[in-house]
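The values are calculated or read from the model by the stated rules, or taken from the named source; none is laboratory data. Note that the structure is predicted; figures quoted are calculated from it, not measured. Counting neighbours? That spans all protein chains shown, and the Cβs are built from the backbone with ideal geometry, glycine included. All accessible areas refer to the heavy atoms of the entire protein, side chains included, with ligands and DNA or RNA removed. Shrake-Rupley method; radii C 1.70, N 1.55, O 1.52, S 1.80 Å.
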Amino acid sequence: MKLIKISILFLAGYFGLSPALSQGLTKEALAENPELASLLFRPYPDQGIDKLSDAPKGYRPFYVSHYGRHGSRWLSNKQEYNNVAGPLEKAAAAGALTPKGKQVYEKVKLACEQASGIEGSLSPLGTSQHQGIAKRMYSNFPDIFANNADIDARSTLTVRCVLSMNAFCMSLKEMNPVMSMNFEASDRTTSKLAHVYGIANEIDPAYREFWKSGEFLKDTYAIAKEKMHSDDFLKSIFSKNIFSSQKEEMDFLFYLFYLVCDQQNVMPENRMWDIYTPEQLYWMTVAENFRAFAKFGPYPGTDKWTLTYATPLLEDMVNRCDSAVNGNGRAADLRFGHDVVLMALLPLMGVNGCDNVSTDPLKIMEEWNLYDLTPMAANLQMVFYRPVNKDNDEVLVKLLLNEKEATLPIEAEEGKYYSWNKVRQHLINRIEQYRKNDTGKSN
């Protein structure tokens with residue numbers, strides 16, 4: 001295939017940097033633990049979760065606002081599997097598979113057979129992830145879920161999200177059978193909870209076109225070509241070129257990577273990491289992390305779409321938090337959606353510095369790594385605390401990202417506990433800032 005050209009500035013930005021990342025994602029680390037390459041396919045990291053800090057003296061939790069990604073799943077649809085199986089099947093028929101290619105084909109066929117008819121579905125692991133998060137939430141904040149606590153749970157129409165909501169809420173219900181729960185999964189909830197799904201997918205045609213032909217794709221493919229040496233990798237599988245276009249070749253390369261990463265969520269016995277060298281695996285991880293950042297995250301130029309489309313969700317969160325603070329009696333608002341929403345929501349809010357990220361692919365790995373931000377069942381929790389002393393009306397809020405205490409770019413009152421009034425104003429300012437960029441939706 002013809003080598004993709006890329007801007008000198010872009011190449012200079014990443015070729016000379018050290019691959020030693022803050023998350024320990026080095027070639028040496030990948031050789032010992034290839035699962036570090038999983039990114040958004042990482043099973044939820046529910047081991048070794050730190051104990052939360054104690055609430056400030058005289059404060060008690062009373063409400064939690066939550067957004068959770070669905071749990072572990074098979075690849076999203078049949079086409080994603082076909083992007084991998086199709087070229088292998090074509091090459092097998094033409095006698096164009098190397099010995100390594102034949103081994104890859106057998107593992108891919110097994111993955112496709114097991115996924116047939118349940119593509120995109122929640123896996124048993126995904127169910128248990130949400131059950132575990134719910135149990136820990138209940139254990140961490142028993143005051144919130146006591147007695148006949150009022151819970152509102154909402155999901156997108158995507159079935160894996162509905163089932164994640166069910167697993168989460170039924171786990172809460174097991175611990176307190178008398179709590180009250182309301183459920184909804186509809187076009188209305190989808191339009192708030194997932195700006196690129198369902199009826200909400202009426203987005204700017206320019207953004208749709210960007211997905212197909214944006215500069216970020218050229219930059220992503222250049223990493224694969226220049227650094228991962230994709231031509232050599234493909235030659236280790238195919239004895240001759242069987243791709244009719246660059247898109248078909250890159251679809252195979254990236255969807256094979258997704259399939260390999262996803263096996264630990266659905267078929268951990270079907271490991272395929274050894275098809276890559278540590279060098280190849282490292283650069284595939286860099287390329288994919290950059291692709292997701294530039295397509296769905298706060299990448300300059302993309303943020304005018306992504307962060308703007310997340311403003312209705314954040315506004316809804318602020319309004320519901322206000323209602324709880326003002327005494328509507330709600331104990332929790334639980335939301336179940338997708339990773340791409342968190343990719344926009346976190347930088348819109350400024351959680352953990354996600355709004356201030358380099359455009360350099362290697363620095364992005366240090367500052368905005370999907371392995372840490374949006375694994376399967378990723379979640380953001382805003383936990384509200386009210387003073388026991390009625391003479392004090394200062395409500396505090398603490399943020400948890402994947403059950404770890406998180407920060408906002410404003411001054412905290414104590415530790416990582418923030419004044420809700422200050423957080424509220426910060427979030428409203430961010431909403432107003434990105435509303436000015438509103439590109440509108442297609443009709």
Wholly enclosed helices (runs of 4 or more DSSP H) of region 196-265 bearing at least 2 residues within 19 Å of residue 339 (Cα to Cα) and open to solvent by 40 Å² or more (accessible area, probe 1.4 Å): 205-213
Subset tally (residues that are closer than 14 Å to residue 321 by Cα and among the hydrophobic types (A, V, I, L, M, F, W, C)) for region 388-422: 5
Test: residue in region 103-125 that is in contact with a Pro (Cβ under 9 Å, 6 or more places away or on another chain) and more than 22 Å from residue 254 (Cα to Cα): yes
Breaking point among (1) within 27 Å of residue 124 (Cβ to Cβ); (2) loosely packed, with under 15 Cβ neighbours inside 10 Å; (3) touching a Gly at 6+ places or on another chain (Cβ under 9 Å), for residue 187: (1)
Count of region 342-355 residues which are surrounded by fewer than 24 Cβ atoms within 10 Å (Cβ to Cβ) and of a type in the set (Gly, Ala, Ser): 2
First in region 317-330 and of a type outside the set (A, V, I, L, M, F, W, C), second anywhere and modelled with pLDDT of 95 or more and surrounded by 14 or more Cβ atoms within 10 Å (Cβ to Cβ), Cβ under 6 Å, 6 or more apart: 320/333; 329/150; 330/150; 330/324
Counted residues, region 272-302 - those being under 16 Å from the mean Cα position of the chain (by Cα) and acidic (Asp, Glu): 1
For residue 32: the one exception among (1) surrounded by fewer than 19 Cβ atoms within 10 Å (Cβ to Cβ); (2) under 30 Å from residue 216 (Cβ atoms); (3) at pLDDT below 95: (2)
Flag if residue 107 is open to solvent by 60 Å² or more (accessible area, probe 1.4 Å), farther than 27 Å from residue 189 by Cβ and in contact (Cβ under 8 Å) with a residue 40 or more places away in the chain: yes
Failed criterion for residue 86 (all others in (1) surrounded by fewer than 18 Cβ atoms within 10 Å (Cβ to Cβ); (2) modelled with pLDDT under 95 hold): (2)
Neighbours by Cβ (under 6 Å, 6+ apart or cross-chain): first from region 261-288, of a type in the set (Phe, Trp, Tyr); second surrounded by 18 or more Cβ atoms within 10 Å (Cβ to Cβ) and in a loop (DSSP other than H, G, I, E, B): 283/228
